[in-house]
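K.L.:
Supplied in structure tokens, the structure appears directly below.
The values are calculated or read from the model by the stated rules, or taken from the named source; none is laboratory data. Because the structure is a prediction, the values reported are computed rather than measured. Note: ideal-geometry Cβ built from the backbone for every residue, glycine included; neighbour counts use all protein chains shown.
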Amino acid sequence: MALRNSDPLPRAVAWGAVIVSSALPTIIWHESGHARSFWPALIQCALLIIAAIAVLPFPRLRVLTRFLFALAALRLGWYLVAPWLEATDFVRSSLQSANWGERLLIDRTVALAGALLMSLTLLGSGISRSDLFLRWGDLAAPAHPIPFLWPRKPIPWTVFGPVLLVVFGIALPLFLYFTVHPDFRAGARILHFAPWILGIAALNAANEEFQFRNVLLAHLRNIVTPGEAALLTAVLFGLGHYYGQPSGPIGVLMAGFAGWIWAKSMIETRGSAWAFLIHMVQDIVIFSFLAVGAAK
């Protein structure tokens, strides 16, 4: 992912676009006492589309066009199209007669709308599968040192990946225990819904990786350095979890850090295997907690 454009202006606009397209405006809107509304997302989409068109005449900023359209598609898919689909008579009637696993599948399936919309930004772009990291990659590639954390020197992802699974496997359940308040007396629900949990975790991990990392990292490859691209996508992913799982300010930090690690794995291994695997395991934990949380 070599950087061919070090111009600070596109970088600054990219950061501004990520903040504008993030969940931050929605968080401010809700936390200031306003009722949930589609207006913040609609305004965000309009601003991003206008910006994408406005930069076309300027050679220094034209490189941002597809990235801006991709951010608009991401916001449109998750906050406008998906809620509209959920409100249709067909989906609502399906939800009424569905069990917990089926409801979860429907919820995660409507989110695929964003993947379809973002795919449109790839048409005619010349972006390859390699640029999108849509391959397994080198699972044993070196994980570069993290200045403020471990490792202090390069180690293979075949070592770093399992360590992350253990670390996340401890931190996430602890957080969910105090926020979801699971009833483990209903633990049989996890076994009962295990096929749903495993399948939906795989679907959700693949969908979110594609939308929040694969496409955006590909569009950012000529705008910022790989490290900065990972940070940009992490900010977007973290803020998007304020009302999700993990949730709240701590959830934003946890999801942001996880998103940064997954982007880092894609860039360093030139593939999505580690990001998908770790993300899927995290989703299995989350959905398992929600299964027993929903039992109360």
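K.L.:
Could you count how many residues in segment 181-202 are part of a helix (DSSP H, G or I) and surrounded by fewer than 18 Cβ atoms within 10 Å (Cβ to Cβ)?
P.N.:
11
K.L.:
Across segment 28-71, what is the number of residues that are of a type outside the set (Gly, Ala, Ser) and on the phi > 0 side of the Ramachandran plot?
P.N.:
0
K.L.:
So which of Asn214, Asn207, Asn222 is surrounded by fewer than 21 Cβ atoms within 10 Å (Cβ to Cβ), modelled with pLDDT of 95 or more and not hydrophobic (A, V, I, L, M, F, W, C)?
P.N.:
Going through Asn214, Asn207, Asn222 in turn, the sole match is Asn207.
K.L.:
Looking at Ala70, is it farther than 26 Å from Ile197 by Cα, in contact with a helix residue (DSSP H, G or I) (Cβ under 6 Å, 6 or more places away or on another chain) and at pLDDT 95 or above?
P.N.:
yes
K.L.:
Does any residue of segment 273-296 turn out to be crowded, with 20+ Cβ neighbours inside 10 Å, part of a loop (DSSP other than H, G, I, E, B) and at pLDDT 95 or above?
P.N.:
no
K.L.:
Can you find a residue that is under 21 Å from Arg103 (Cβ atoms), touching a helix residue (DSSP H, G or I) at 6+ places or on another chain (Cβ under 7 Å) and not acidic (Asp, Glu) anywhere in segment 157-179?
P.N.:
Scanning segment 157-179, I find at least one residue that is under 21 Å from Arg103 (Cβ atoms), touching a helix residue (DSSP H, G or I) at 6+ places or on another chain (Cβ under 7 Å) and not acidic (Asp, Glu), so the answer is yes.
K.L.:
Additional query: Would you please name the residue that is surrounded by the fewest Cβ atoms within 10 Å (Cβ to Cβ), looking only at residues in segment 112-128 that are in a helix (DSSP H, G or I) and either in contact with a Leu (Cβ under 9 Å, 6 or more places away or on another chain) or touching a residue at least 40 places away in the same chain (Cβ under 8 Å) (or both)?
P.N.:
This residue is Leu120.
K.L.:
May I pose another question? Only one residue in Leu74, Leu68 is surrounded by 19 or more Cβ atoms within 10 Å (Cβ to Cβ), touching a residue at least 60 places away in the same chain (Cβ under 8 Å), in a helix (DSSP H, G or I) and of a type in the set (A, V, I, L, M, F, W, C), so which one is that?
P.N.:
Answer to the selection: Leu74.
K.L.:
Follow-up question, since we're still on this one. Residue check, Leu134 against (1) within 18 Å of the chain's Cα centre (by Cα); (2) in a helix (DSSP H, G or I); (3) not acidic (Asp, Glu), all met but one. Which one?
P.N.:
For Leu134, the failing item is (2).
K.L.:
Could you please give the count of residues in segment 77-111 that are more than 22 Å from Thr121 (Cα to Cα), of a type in the set (S, T, N, Q) and in a helix (DSSP H, G or I)?
P.N.:
Residues that pass the stated criteria total 3.
K.L.:
Can you name every residue in segment 32-54 that is crowded, with 20+ Cβ neighbours inside 10 Å and either over 20 Å from the mean Cα position of the chain (by Cα) or assigned to a loop (DSSP other than H, G, I, E, B) (or both)?
P.N.:
Of everything in segment 32-54, those that are crowded, with 20+ Cβ neighbours inside 10 Å and either over 20 Å from the mean Cα position of the chain (by Cα) or assigned to a loop (DSSP other than H, G, I, E, B) (or both) turn out to be Ala51, Ala52.
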